[in-house]
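Visitor: Got a structure for you, questions after.
The values are calculated or read from the model by the stated rules, or taken from the named source; none is laboratory data. Everything numeric in this text was worked out from a predicted model, so none of it was measured. All Cβ positions, even for glycine, are placed from backbone atoms using ideal geometry, and neighbour counts span all protein chains on display.
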Amino acid sequence: MRLDLDRIRIAAQQAQAETAEPFCAYIYDLEALRRHAQGLLATLPANCELFYAIKANSDLPILQTLAPLVHGFEVASGGELEWVRGHFPATPVVFGGPGKTDSELEAALCAKVEYLHVESLGELERLAWIARQRGQRATVLLRINLALADLPATTLTMGGRATPFGIDAVQLPEALDWLRNHPELRLRGFHFHLLSHQLDAEAHLKLLQSYFRQVRQWQADYRLDIDQINVGGGIGVNYREPGRQFDWQAFSRGLGPLIEREQMTGWRIRFELGRYLSAACGSYVMEVLDIKENLGRTFVVGRGGTHHFRTPYAQGHSHPFEVLPVARWPYPFVRREVRDTAVSVVGQLCTPKDVLATDAPVERLRVGDLLLFPYAGAYAWHISHHDFLRHPHPAQIYLPIEEQRHAANQ
Ligand SMILES: Cc1ncc(COP(=O)(O)O)c(C=O)c1O
């Protein structure tokens with residue numbers, strides 16, 4: 001994942017110069033997103049597909065950029081389904097996630113989603129009942145929670161231990177027995193999403209190997225007519241050490257041979273990545289409102305905060321940032337600044353939890369400069385509590401893909 005922030009830096013400085021109020025924005029580089037997605041797709045083996053888990057960032061320009069490239073979208077609510085179907089009626093959609101309501105299941109059948117990823121025996125029963133009433137057949141993958149002995153350790157696990165996600169593998173015989181008597185549901189395979197924040201390519205290949213072996217074992221043990229395996233998302237972004245990202249080249253180099261070795265070439269293997277697809281294309285930018293010393297620490301107060309950009313708080317990290325110097329200084333008094341100091345960057349909320357970065361070294365930082373937080377294109381604006389304190393929302397700026405820019409200039 002190569003990070004090239006030049007377009008975002010320039011756009012931030014230009015937009016700030018045109019704004020009278022202190023500046024705050026999300027800036028997305030759609031060309032970078034397009035290139036990144038194309039790069040991933042170009043290296044996937046022939047029987048692999050890449051879906052985008054839109055929960056990471058469902059902004060329309062993001063989806064419009066990805067729709068012609070990826071194989072489809074993964075949605076996890078009726079709202080996401082409606083949003084995708086309203087704008088992309090022909091794009092393949094799969095519907096996963098816990099706690100699906102009857103009306104969401106019905107909407108999924110109505111919208112002809114390709115697969116429903118079923119999370120529990122209760123959901124299986126309700127889906128069959130709804131499909132029967134509609135005289136329709138639903139195609140399903142069972143989401144299974146596997147207790148793997150060597151599940152890689154990451155900071156966010158959805159499986160491999162007691163969680164609300166997926167069907168416990170010990171309940172599989174019961175689910176399969178039940179499915180045999182319910183032809184209104186057609187089982188096509190299995191879905192797994194045991195973890196997020198995977199940073200180790202080798203470990204991820206091992207995890208996929210475990211999925212492949214397990215699925216082939218079930219196929220043989222229960223004589224299943226299946227050919228689909230959804231290996232979820234979960235490839236991470238290294239916010240703590242941005243120079244050491246997931247090694248996609250190594251991963252994709254190892255994936256083809258793994259598929260051959262495990263005799264999975266006849267299967268369709270689907271990824272539904274969120275964070276790894278969209279995080280790098282977006283940055284959150286805030287103007288420095290104040291710099292102050294308080295009981296021995298230096299605080300930098302920015303325009304905005306965790307109500308816009310909750311990612312560092314949600315993930316428990318100090319988010320990396322860079323300083324974009326701004327010349328403008330409209331006041332008749334001296335500009336406050338710090339040099340060669342470790343600072344904590346906080347927002348405008350009345351809570352000590354409104355912290356974006358801690359003990360971060362800066363060479364020079366002045367009131368009125370901009371702070372640019374990269375890797376803010378996924379699980380950022382969309383997971384934040386926007387209206388806490390009713391501060392204004394940040395600007396949302398989408399830098400167009402090259403073809404759109406050329407067309408607009410002609
Ligand atoms: C079922 C499922 N699939 C895919 C994803 C996307 O995960 P990530 O953004 O880590 O790739 C998630 C995230 O929570 C998920 O729950």
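Visitor: Among the residues of the range 361-372, is there at least one that is touching a residue at least 12 places away in the same chain (Cβ under 8 Å) and touching a helix residue (DSSP H, G or I) at 6+ places or on another chain (Cβ under 7 Å)? Break it down stepwise before answering.
Guide: So in the range 361-372, the residues touching a residue at least 12 places away in the same chain (Cβ under 8 Å) come out as 361-372.
Pick out the ones that are also touching a helix residue (DSSP H, G or I) at 6+ places or on another chain (Cβ under 7 Å) and you get 370, 372.
Checking the range 361-372: at least one residue is touching a residue at least 12 places away in the same chain (Cβ under 8 Å) and touching a helix residue (DSSP H, G or I) at 6+ places or on another chain (Cβ under 7 Å).
Visitor: Contact list please: Cβ distance under 7 Å, first residue in the range 91-110 and within 13 Å of the ligand (Cβ to nearest atom), second residue among the polar types (S, T, N, Q), pairs at least six apart or on different chains.
Guide: Gly97/Ser77
Visitor: Consider the range 59-88. How many of its residues are farther than 20 Å from Lys112 by Cα and not β-branched (Val, Ile, Thr)? Show your work before the answer.
Guide: If we filter the range 59-88 for residues that are farther than 20 Å from Lys112 by Cα, which is where we start, we get 59-62, 64-66, 69.
If we keep only those that are not β-branched (Val, Ile, Thr) too, we end up with 59-61, 64, 66, 69.
Within the range 59-88, residues that are farther than 20 Å from Lys112 by Cα and not β-branched (Val, Ile, Thr) number 6.
Visitor: So, one more: From Val215, Val301, which residue is outside any helix (DSSP H, G or I) and either crowded, with 16+ Cβ neighbours inside 10 Å or within 16 Å of the ligand (Cβ to nearest atom) (or both)?
Guide: Val301
Visitor: Taking the condition in contact with a Ser or Thr (Cβ under 7 Å, 6 or more places away or on another chain) and closer than 22 Å to Val94 by Cα, does Leu208 pass? Walk me through it before giving the result.
Guide: Values: in contact with a Ser or Thr (Cβ under 7 Å, 6 or more places away or on another chain): no; closer than 22 Å to Val94 by Cα: yes.
Judged against the criteria, Leu208 is not a match.
Visitor: Can I ask one more? Looking only at the range 53-72, count how many residues are charged (D, E, K, R) and either more than 19 Å from His193 (Cβ to Cβ) or more than 13 Å from the ligand (Cβ to nearest atom) (or both).
Guide: Initially, the range 53-72 is screened for residues charged (D, E, K, R), giving 55, 59.
Right, trim to either more than 19 Å from His193 (Cβ to Cβ) or more than 13 Å from the ligand (Cβ to nearest atom) (or both) and you get 59.
Number of matching residues: 1.
Visitor: State the number of residues belonging to the range 219-238 that are touching a helix residue (DSSP H, G or I) at 6+ places or on another chain (Cβ under 7 Å) and more than 13 Å from the ligand (Cβ to nearest atom).
Guide: Of the residues in the range 219-238, 4 are touching a helix residue (DSSP H, G or I) at 6+ places or on another chain (Cβ under 7 Å) and more than 13 Å from the ligand (Cβ to nearest atom).
Visitor: Before we move on, is His386 away from the ligand (no atom under 16 Å from the Cβ), within 27 Å of Ala76 (Cβ to Cβ) and in contact (Cβ under 8 Å) with a residue 24 or more places away in the chain?
Guide: On the way: away from the ligand (no atom under 16 Å from the Cβ): yes; within 27 Å of Ala76 (Cβ to Cβ): yes; in contact (Cβ under 8 Å) with a residue 24 or more places away in the chain: yes.
The answer is yes for His386.
Residue-by-condition table, conditions (1) surrounded by fewer than 19 Cβ atoms within 10 Å (Cβ to Cβ); (2) closer than 29 Å to Trp129 by Cβ; (3) not aliphatic (A, V, I, L, M):
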{"position": "Gln16", "(1), (2), (3)": "no, no, yes"}
{"position": "Asp29", "(1), (2), (3)": "no, no, yes"}
{"position": "Leu44", "(1), (2), (3)": "yes, no, no"}
{"position": "Glu49", "(1), (2), (3)": "yes, no, yes"}
{"position": "Lys55", "(1), (2), (3)": "no, yes, yes"}
{"position": "Leu60", "(1), (2), (3)": "yes, no, no"}
{"position": "Val75", "(1), (2), (3)": "no, yes, no"}
{"position": "Val84", "(1), (2), (3)": "no, yes, no"}
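Visitor: Let me ask you something else. Please give the number of the condition Tyr331 fails out of (1) within 26 Å of the chain's Cα centre (by Cα); (2) of a type in the set (Ser, Thr, Tyr); (3) loosely packed, with under 12 Cβ neighbours inside 10 Å.
Guide: (1)
Visitor: Filter the range 279-298 for residues that are aliphatic (A, V, I, L, M) and assigned to a helix (DSSP H, G or I) and give the result.
Guide: Just the residues of the range 279-298 that are aliphatic (A, V, I, L, M), to begin with: 279-280, 285-286, 288-289, 291, 295.
Residues satisfying the conditions are Ala279, Ala280.
Visitor: Is it fair to say Tyr276 is in a helix (DSSP H, G or I), away from the ligand (no atom under 16 Å from the Cβ) and hydroxyl-bearing (Ser, Thr, Tyr)?
Guide: On the way: in a helix (DSSP H, G or I): yes; away from the ligand (no atom under 16 Å from the Cβ): no; hydroxyl-bearing (Ser, Thr, Tyr): yes.
Judged against the criteria, Tyr276 is not a match.
Visitor: Does His317 qualify as being under 26 Å from the mean Cα position of the chain (by Cα), under 26 Å from Ala17 (Cα atoms), touching a residue at least 60 places away in the same chain (Cβ under 8 Å) and in a loop (DSSP other than H, G, I, E, B)? Walk me through it before giving the result.
Guide: Working: under 26 Å from the mean Cα position of the chain (by Cα): yes; under 26 Å from Ala17 (Cα atoms): no; touching a residue at least 60 places away in the same chain (Cβ under 8 Å): yes; in a loop (DSSP other than H, G, I, E, B): yes.
No: the conditions fail for His317.
Visitor: Of the residues that make up the range 198-209, is at least one away from the ligand (no atom under 16 Å from the Cβ), closer than 16 Å to His117 by Cβ and either in a helix (DSSP H, G or I) or not assigned by TED's automatic domain parsing to the domain that holds Ala314 (or both)?
Guide: no
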